[in-house]
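Please read the structure below before turning to the comments.
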Amino acid sequence: MLPCMSSKFFYLLILLTCTNYCFGQPKPANLVETNPDRAKLIYQDVVNFWQAFDTLLLTDNKNAFMDHYVKVGTEGVKNFMDNDRIISGDSLRNYVMANKLKYESVRQNTLGLPNTEKKIRSVYYAFKYLYPMAKYPPVYFVVGRFNTGGTAKPEYQIIGAEMNEPDNIVYIVAHELVHANQQIPYKYKILLEQCIIEGSADFLGELISGKVSSRSAYEYAKGKEEFLWR
């Protein structure tokens, strides 16, 4: 018989044990930590973005984003380049100039992200309590083209700083942290796979942070449960 435990802990064991043993453990990356206090939260790309932004406006340097953001970017920026989220320095410059006021409106929010660090580490400890084998890859905060809120693999988390209000950062980090620990080679070919991968990240992310990062799917589903199950 199963030992007495709450349903939440039972589902936690199923979701994380399955992803670890069914799909195998990846080789740990150099920057992946097991201690929440040592987990790396990297904000340099945000600083670099605004340096490039101001350089472009003040000097009309057409290469500002290439020189001050892309070339000196962390692995977070490099990943966003490779996955067509930033595309290139020229593409980013053109998008920024076409949406200059939109970027200006989020400047202070992005520069204030270090203020969320204590809350993020409290989420890390909550995850450690529920799942002692948890891994904490570095979190890169980057500024992109308003097209990605966050993404994760076992070796990193990348958060789109311009896409998230400071109050929501903790919840998106929690969601992506679960993804980083799922260790699944995502294919997203069938709906059930998407439901398990994203639903479990929402479920466990809410357990460790107190909220889900986005309520839109839940609002849509209200009253449609029978239809969606079919």
Inset, instruction - Set the Förster distance to 35 Å, then compute FRET efficiency between Thr34 and Leu192 from the Cβ-Cβ distance, nearest 0.05. - result: 0.65
Inset, instruction - Leaving ligands, DNA and RNA out of it, work out the accessible area of Glu193 with a 1.4 Å probe and give it in Å² to the nearest 10. - result: 40 Å²
Legend entry - For the chain, alpha-carbon Rg and Dmax in angstrom: 19.0, 71
Inset, instruction - Identify, among Met81, Thr59, Gly205, the residue whose Cα sits farthest towards the positive end of the charge dipole of the chain, taking +1 on the Cβ of Lys and Arg and -1 on the Cβ of Asp and Glu, with the dipole about the Cα centre. - result: Gly205
Inset, instruction - Could you check which residue among Leu41, Leu111, Leu57 shows the biggest mean-square fluctuation in a GNM of the chain with a 10 Å Cα cutoff? - result: Leu57
Legend entry - Contact order normalised by residue count of the chain, Cα under 8 Å, 6+ apart, percent: 22 percent
Inset, instruction - Over the Cα atoms of the range 119-199, compute the convex hull volume and normalise it per residue, giving Å³. - result: 102 Å³
Inset, instruction - Show which lysines lie in cross-link reach of Lys187 when reach means a straight Cα distance below 29 angstrom and same-chain residues fewer than eight apart are skipped. - result: Lys8, Lys27, Lys40, Lys78, Lys128, Lys135, Lys153, Lys211, Lys222, Lys224
Inset, instruction - Pairs of Cα atoms under 8 Å, at least six residues apart: use those to get the relative contact order of the range 172-230, whole percent. - result: 40 percent
Legend entry - Lys, Arg +1 and Asp, Glu -1 on Cβ, resulting dipole of the range 66-145 about Cα centre, debye, nearest 20: 320 debye
Legend entry - Helix-only mean residue ellipticity at 222 nm for the chain, each DSSP H run of n ≥ 4 adding -39500 (n - 2.57), per residue, nearest 500: -16000 deg cm²/dmol
Inset, instruction - Please report, in debye to the nearest 20, how large the charge dipole of the range 92-230 is about its Cα centre when each Lys and Arg carries +1 at its beta carbon and each Asp and Glu carries -1 there. - result: 280 debye
Inset, instruction - Pop out the carbon and sulfur fraction of the accessible area of the range 75-127 as a percent, whole number, probe 1.4 Å. - result: 48 percent
Inset, instruction - Under a 10 Å cutoff between Cα atoms, tell me which one of Asp60, Asp90, Asp202 has the largest fluctuation in the Gaussian network model of the chain. - result: Asp60
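The values are calculated or read from the model by the stated rules, or taken from the named source; none is laboratory data. In this text, all values refer to a predicted model and were calculated from it rather than measured experimentally. In this analysis, Cβ positions are derived from the backbone assuming ideal geometry, glycine residues included, and neighbour counts consider all displayed protein chains. Accessible surface is based on the protein model in full, side chains and every heavy atom, while ligands, DNA and RNA are left aside. Shrake-Rupley method; radii C 1.70, N 1.55, O 1.52, S 1.80 Å.
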